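Asks: The following block contains the structure, expressed as structure tokens.
The values are calculated or read from the model by the stated rules, or taken from the named source; none is laboratory data. None of these values were measured; they are calculated from a predicted model. Glycine gets a Cβ as well: all are built from the backbone with ideal geometry, and neighbour counts include every protein chain shown.
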Amino acid sequence: VQLQASGGGLVQPGGSLRLSCAASGSAFSITAMGWYRQAPGKQRELVALISSTGNTKYADSVKGRFTISRDNAKNTVYLQMNSLKPEDTAVYYCNVNYLGPPYSYWGQGTQVTVSS
């Protein structure tokens, strides 16, 4: 299984970024897909989840600013991040869940830095 994440970078406060994560290499169907983040000295936390049917869940801190979506034909999950704040600075990880082994797989992480 491979998860290829992209889209991180440096952005000023109030700016936008779009993360993407493409999954490949598994014969099993994908169920939920999500984004998590980990800031220095903090635990990894959920940012957003999307089910196979498109139901979404967001951390309170990103509601109204971030939007998660997926393209099932491309096995890809996206995270559109608007109105970014310095406290959004973290390494962002995508997570993909499957109906069979390995059941849950993590991407390598992409750095998002919000700074003026």
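Table: residues versus (1) more than 14 Å from Gln111 (Cβ to Cβ); (2) out of contact with any strand residue (DSSP E or B) (no Cβ under 7 Å at 6 or more places or on another chain); (3) aromatic (Phe, Trp, Tyr).
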| site | (1), (2), (3) |
| --- | --- |
| Gly34 | yes, no, no |
| Lys42 | yes, yes, no |
| Val62 | yes, no, no |
| Ile68 | yes, no, no |
| Asp71 | yes, yes, no |
| Tyr93 | no, no, yes |
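Asks: Right, something else. Filter the stretch 5-28 down to the residues that are closer than 21 Å to Tyr103 by Cβ and surrounded by 14 or more Cβ atoms within 10 Å (Cβ to Cβ) and list them by number.
Replies: Passing the criteria: Ala5, Cys21, Ala22, Ala23, Ser26.
Asks: Scan the stretch 63-86 for residues that are within 14 Å of Gly15 (Cβ to Cβ) and not hydrophobic (A, V, I, L, M, F, W, C) and report the count.
Replies: Filtering the stretch 63-86 for residues within 14 Å of Gly15 (Cβ to Cβ) gives 65-66, 80-86.
Now narrow it down to the ones that are not hydrophobic (A, V, I, L, M, F, W, C): 65, 80, 82-83, 85-86.
Residues that pass the stated criteria total 6.
Asks: Output the number of residues of the stretch 73-109 satisfying the condition of being within 18 Å of Thr53 (Cβ to Cβ) and either under 14 Å from the mean Cα position of the chain (by Cα) or surrounded by 13 or more Cβ atoms within 10 Å (Cβ to Cβ) (or both).
Replies: Residues meeting the conditions: 8.
Asks: Further, regarding this structure: What residue, among those in the stretch 7-28 that are in a strand (DSSP E or B) and among the polar types (S, T, N, Q), is modelled with the highest pLDDT?
Replies: So the residue we want is Ser20.
Asks: Hey, another quick one. Of all residues in the stretch 72-100, how many are without any contact (Cβ under 8 Å) to a residue 60 or more places away in the chain and part of a helix (DSSP H, G or I)?
Replies: 5
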